[in-house]
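What follows is one structure encoded as structure tokens, with my remarks underneath.
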Amino acid sequence: MRDMARFYAEYQHDEILQPLVAEISWAKHILILTKCKDTQEHRFYILATKRFGWTKNVLMHQIEAKAFENYLLGQSNYDQTLPQSVKNQAALALRDDYTFSLLDLQEEHSERELELSIVKK
């Protein structure tokens with residue numbers, strides 16, 4: 001019952017979240033409500049779950065891997081502020097590291113081990 005009250009309180013006055021209620025399952029909504037901090041993060045994970053067809057386990061992994069934060073960090077104003085000659089360099093300099101947690105690699109691994117693990121999975 002506590003989850004239902006929190007769900008109602010969170011979605012009741014939000015004109016963007018309300019239409020999204022039927023888009024994903026109740027279990028996914030509860031996972032998002034309990035693991036995410038704010039409404040913007042809730043919207044991100046609901047829309048991404050719907051768009052990409054994430055299962056509950058994939059959604060949990062995305063939340064744990066901080067997909068929302070990584071998405072926000074990937075946003076830039078380079079197109080509007082930097083000259084064409086340095087846009088790509090700036091993007092590469094600030095690009096996030098890839099997350100390969102699903103590959104079960106050790107902290108230090110060779111490029112060959114990475115390649116084999118990617119192909120295997």
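The values are calculated or read from the model by the stated rules, or taken from the named source; none is laboratory data. Every value quoted in this text rests on a predicted model; they were computed, and no experiment measured them. All Cβ positions, even for glycine, are placed from backbone atoms using ideal geometry, and neighbour counts span all protein chains on display.
Could you tell me whether the stretch 2-12 includes any residue that is surrounded by 15 or more Cβ atoms within 10 Å (Cβ to Cβ), among the polar types (S, T, N, Q) and either without any contact (Cβ under 8 Å) to a residue 60 or more places away in the chain or in a helix (DSSP H, G or I) (or both)? Checked the stretch 2-12: no residue is surrounded by 15 or more Cβ atoms within 10 Å (Cβ to Cβ), among the polar types (S, T, N, Q) and either without any contact (Cβ under 8 Å) to a residue 60 or more places away in the chain or in a helix (DSSP H, G or I) (or both).
Does at least one position in the stretch 65-75 carry a residue that is exposed (fewer than 11 other Cβ atoms within 10 Å of the Cβ) and at pLDDT below 75?
At the first step, the residues of the stretch 65-75 found to be exposed (fewer than 11 other Cβ atoms within 10 Å of the Cβ) are 75.
Of the ones still in play, those that are also at pLDDT below 75 are 75.
Among the residues of the stretch 65-75, at least one is exposed (fewer than 11 other Cβ atoms within 10 Å of the Cβ) and at pLDDT below 75, which makes the answer yes.
Inspect all residues belonging to the stretch 107-114 and state whether any of them is outside the structural domain of C36 (by TED's automatic domain parsing), under 24 Å from the mean Cα position of the chain (by Cα) and modelled with pLDDT of 70 or more. There is at least one residue in the stretch 107-114 that is outside the structural domain of C36 (by TED's automatic domain parsing), under 24 Å from the mean Cα position of the chain (by Cα) and modelled with pLDDT of 70 or more.
Any idea which of A22, A27 is touching a Lys or Arg at 6+ places or on another chain (Cβ under 6 Å) and either of a type in the set (A, V, I, L, M, F, W, C) or assigned to a loop (DSSP other than H, G, I, E, B) (or both)? Give the steps one after another, and end with the answer.
Working: A22 fails: touching a Lys or Arg at 6+ places or on another chain (Cβ under 6 Å).
Result: A27 is the single residue among A22, A27 that is touching a Lys or Arg at 6+ places or on another chain (Cβ under 6 Å) and either of a type in the set (A, V, I, L, M, F, W, C) or assigned to a loop (DSSP other than H, G, I, E, B) (or both).
Only one of these is at negative phi and out of contact with any helix residue (DSSP H, G or I) (no Cβ under 8 Å at 6 or more places or on another chain): L20, L47, L72, L31. Name it.
On the way: L20 fails: out of contact with any helix residue (DSSP H, G or I) (no Cβ under 8 Å at 6 or more places or on another chain); L47 fails: out of contact with any helix residue (DSSP H, G or I) (no Cβ under 8 Å at 6 or more places or on another chain); L31 fails: out of contact with any helix residue (DSSP H, G or I) (no Cβ under 8 Å at 6 or more places or on another chain).
None of the other options fit; the residue is L72.
Of all the criteria given as (1) loosely packed, with under 11 Cβ neighbours inside 10 Å; (2) closer than 21 Å to F68 by Cβ, the one not satisfied by L31 is (1). Which of the residues spanning the stretch 76-97 are modelled with pLDDT of 75 or more and under 21 Å from Q40 (Cα atoms)? Of everything in the stretch 76-97, nothing turns out to be modelled with pLDDT of 75 or more and under 21 Å from Q40 (Cα atoms).
Just so you know, in the stretch 15-28 the residues that are under 18 Å from H61 (Cα atoms) and surrounded by 17 or more Cβ atoms within 10 Å (Cβ to Cβ) include one that is modelled with the highest pLDDT, and it is K28.
State all residues of the stretch 1-49 that are of a type in the set (D, E, K, R) and either over 22 Å from L102 (Cα atoms) or assigned by TED's automatic domain parsing to the domain that holds L102 (or both); if no residue qualifies, say none. Working first, answer last.
Step one: of the stretch 1-49, the residues of a type in the set (D, E, K, R) are 2-3, 6, 10, 14-15, 23, 28, 35, 37-38, 41, 43.
Once the filter is applied, which keeps residues that are of a type in the set (D, E, K, R) and either over 22 Å from L102 (Cα atoms) or assigned by TED's automatic domain parsing to the domain that holds L102 (or both), the stretch 1-49 yields R2, D3, R6, E10, D14, E15, E23, K37, D38, E41, R43.
Applying a threshold of 9 Å to beta carbon distances and a minimum spacing of six or more residues, or different chains, the list of pairs starting in the stretch 23-34 at a residue that is of a type in the set (D, E, K, R) and ending at one that is in a loop (DSSP other than H, G, I, E, B) reads K28/W54; K28/T55.
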